[in-house]
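So the structure is just underneath, and the comments pick up after that.
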Amino acid sequence: MEARAPALQLEQRLEMAQARRARLEAQGEDTTSILEEINMLRRSLRTGRPLHRGDVLDDRFVVLDQLGSGGFATVWRALDTQNPSAPTTVAIKVLHGQFAEDKSRRERFFRGAWKMSELQHPAIVRVLEPYGDENGTYYFVMEYLAGGTLHAAIQELEVTPAAALKMVVQVGHALQFAHERGLVHRDVKPSNVMVDGEHGKLTDF
């Protein structure tokens, strides 16, 4: 996969594009194409160069499609091809590109992954690989749960109130388990609970 351009390089390209736009406007010429480039560069600065279906991370994880995006990272469905005869579906969480060169953000991102990897509990999402770096694309790998988030499942009426309550109780046990080991989840909400059949699993420590 092509390396993600550093934020500084993107900023320089944006400045150059804006300068070209000013020259074209001064000459009375069409600026449609340069405006598209400027918007693309601005999006890249916000979220980094996006992954695409078929991209491969570390010659192992084949990107399939995007599952969701938040303030720090994007989650993708992917295939783990470590065993070529039986590839498995996984979820990959990728740090947004604008944070790639921010050491404190990277450490915070991976600290959560390491914490989750240490918590072996049926109501906590399993982290399979807590650290990954593909040419500045920082990520970690989790088990894939096809049920999506509890928030989405409730909105789409895919779970009954009784089933949702059962999952909340399960997550409560997971929180107790984590607290007994000195770990505090600071963002407990339905969008951070994944649905696995009749079970709820806490994520995003």
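The values are calculated or read from the model by the stated rules, or taken from the named source; none is laboratory data. Remember, it's a predicted structure, so these values are computed and weren't measured experimentally. Every residue, glycine among them, receives a Cβ derived from its backbone with ideal geometry; neighbour counts consider all protein chains shown.
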Given the conditions (1) closer than 18 Å to LYS93 by Cβ; (2) among the charged types (D, E, K, R); (3) at pLDDT 95 or above, and given that ASP133 satisfies all but one, which numbered condition is not satisfied? (3)
Go over the candidates GLU134, GLU143, GLU107, GLU118 one by one and state the one that is over 27 Å from GLU198 (Cβ atoms) and either among the small types (Gly, Ala, Ser) or in contact (Cβ under 8 Å) with a residue 12 or more places away in the chain (or both). GLU134
Can you name the residue in the range 75-104 that is among the acidic types (Asp, Glu) and farther than 15 Å from GLU129 by Cα and is also modelled with the lowest pLDDT among such residues? GLU101
